[in-house]
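Worksheet: one structure, shown below.
The values are calculated or read from the model by the stated rules, or taken from the named source; none is laboratory data. Here the structure is a predicted model, which is why all the values come from computation and not from measurement. So basically every Cβ, Gly included, is an ideal-geometry build from the backbone, and we count neighbours across all protein chains shown. Please note that ligands, DNA and RNA were not included when accessible areas were found on the heavy atoms of the full protein model with its side chains. Shrake-Rupley method; radii C 1.70, N 1.55, O 1.52, S 1.80 Å.
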Amino acid sequence: MPAKNDVVSYSEISMNEGAKQFLMQAPPAVDEKQAANIAQQYYDVVAQVKSLAGERDKNFLLKTDQNHLWVLKIISQSEQLAEIDVQVQVLKHLQKQACKVKTPVAVASKTGHDWERYQQGEQAWNVRAYTFLEGIPVNQVAMTYELQRAFGVTAANISTALQTFEHPILERVILWDVMRLNHLEAWAQEVSGRDVLDVFILSFFKHFNVVVLPKLQQLPQYAIHGDLSQSNLVVSADNECAIDGVLDFGDMVKAPRVVELGIAASYALDTHLDMQISLQHIVAGFESVSALDEVEKDLLMDVIVARLVQRIVITTWRAQRFPENAEYILRGTAHAKAVLAALLQHEFVASRYASESTS
């Protein structure tokens, strides 16, 4: 058993099993009263507590007796210590980098540790805290071309700030890593129906593995946020078209920066706006910070589609196994299906995959 705050090597775990267990574990069974006790025991604060949504962890909003707003995270038992450590260290790194986008600040426990171990009977969970990033989640405001441009700007700013960040855990396998899309093919077959979208999704794996992945692997690899989704981005009440902050670094991996942009674009696209014009705004936003080369531009659509496929397959598969949390798990699945279907109706996208979808 490692000492508190020591980091175990992820190589000690079977990578495939580790990746699967990461998504198969239900969130910890901790309520608001217990969270208040944890806050007092480990952080020496008396706090008002409100439960927050979470897919793998149990999260609580704390309003402390000094009127600070923190998030208390009760961490899934499937998450290794190295996984916790990277999420703390990246926040410290971004503070030092003076990142142009606001991010939470890690809060040490009263004994100075980055996280603590909470025991409840025979159950035990690691817990950590960080400042609450105030603002309006992007999924609560109307999507516009200007906001889509902000997605591109944010992807560029975050990927630039992370280029010098290193941590051994970034080499692990997680199933939300676009570069590991092939790990989801069996799940896709398991949840697939017979409609046109399902047929395309199954055919896309071959295109990605044969055509796309080798090109991505030739590009420089950096730490990326890996999940610049509408629920992980906030805007201020003063300007709903400018992204003000970024949350949740739990899906960080090493990948080309076009993967960061493609993931962000998959969440920014909206069926109420013209897809081609939207993509132009997203790319223009990124390039206002850092220019893309021709290879990156060519791969962008493939990355967008890969992320949409991930969002559909993983959430559908998990919702079947955790029906009690299905509403939260599936909160973005309809959007992913609608965007993918809309993209495939455009000739500039459909022609790219014509041979794969008919083979």
Just the accessible area for Glu190, please: 1.4 Å probe, Å², rounded to the nearest 10? 100
Per-peptide average of other Cβ atoms within 10 Å, ordering 167-175, 28-36, 147-155, 244-252 highest first: 147-155, 244-252, 167-175, 28-36
When the chain is modelled as a GNM with alpha-carbon springs shorter than 10 Å, which of Asn126, Asn325, Asn67 fluctuates the most? Asn67
Accessible surface of Ile201 in the full protein assembly, 1.4 angstrom probe, to the nearest 10 Å²? 10
Take the alpha-carbon centre of segment 259-302, take the same for segment 146-204, and report the distance between them in whole Å. 14
Could you check the simple spin-label distance between Ala326 and Asn139, using points 7 Å along Cα→Cβ, in nm with one decimal? 1.7
Taking Cα atoms, how many degrees apart are the long axis of helix 32-43 and the longest axis of the chain, rounded to 10 and kept between 0 and 90? 70
Taking 0.36 nm per intervening residue step and subtracting the Cα-Cα distance, what contour gain separates Gln218 from Gln77 on full extension? 47.2 nm
Taking the Cα-to-Cβ direction at Asn67 and at Ala186 and moving 7 Å from each Cα, how far apart do the two end points lie in nm? 5.5
If ligands, DNA and RNA are left out, what is the accessible area of Phe348 with a 1.4 Å probe, given in Å² to the nearest 10? 70
Would you calculate a helix-derived [θ] at 222 nm for the chain, using -39,500 (n - 2.57) for each DSSP H run of n ≥ 4 and dividing by the full residue count, to the nearest 500? -13500 deg cm²/dmol
Quick one: with all protein chains in place, what share of the accessible area of the chain is carbon or sulfur, to the nearest percent (1.4 Å probe)? 49
Looking at segment 224-313, what % of the alpha carbon pairs are farther apart than 17 Å? 51
Which listed pairs, of Lys215/Lys254; Lys63/Lys92; Lys92/Lys215; Lys33/Lys63; Lys33/Lys73, have C-alpha distances above 24 Å, in listed order: Lys92/Lys215
For segment 231-291, with every protein chain kept in place, what is the accessible area per residue (1.4 Å probe, Å²)? 33
Farthest towards the positive end of the dipole of the chain, among Ile158, Ala291, Phe348 and with Cβ unit charges of +1 on Lys and Arg and -1 on Asp and Glu, lies the Cα of Ile158
Note to self: Kirkwood Rh of segment 90-210, Cα pairs, one decimal, Å, is 19.0
Probe 1.4 Å, all protein chains present, accessible-area order of Tyr130, Tyr222, largest first: Tyr222, Tyr130
Env charge @ Val289, Cβ radius under 14 Å, K,R +1 / D,E -1, value 0
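If I take R0 = 25 Å and measure r between the Cβ atoms of Gln48 and Gln163 in this structure, what FRET efficiency does the formula 1/(1 + (r/R0)^6) give, to the nearest 0.05?
On the way: r = 39 Å, r/R0 = 1.57.
That pair, Gln48 with Gln163, gives E of 0.05.
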State to the nearest 20 debye the size of the charge dipole of segment 268-359 about its Cα centre, where the only charges are +1 on K and R beta carbons and -1 on D and E beta carbons. 520
Beta bridges by DSSP in the chain, antiparallel share as percent, to the nearest 5: 95
Taking one equal scatterer on every alpha-carbon of segment 142-248, how large is log10 of I(q)/I(0) by Debye at q = 0.13, 0.24 1/Å? -0.70, -1.21
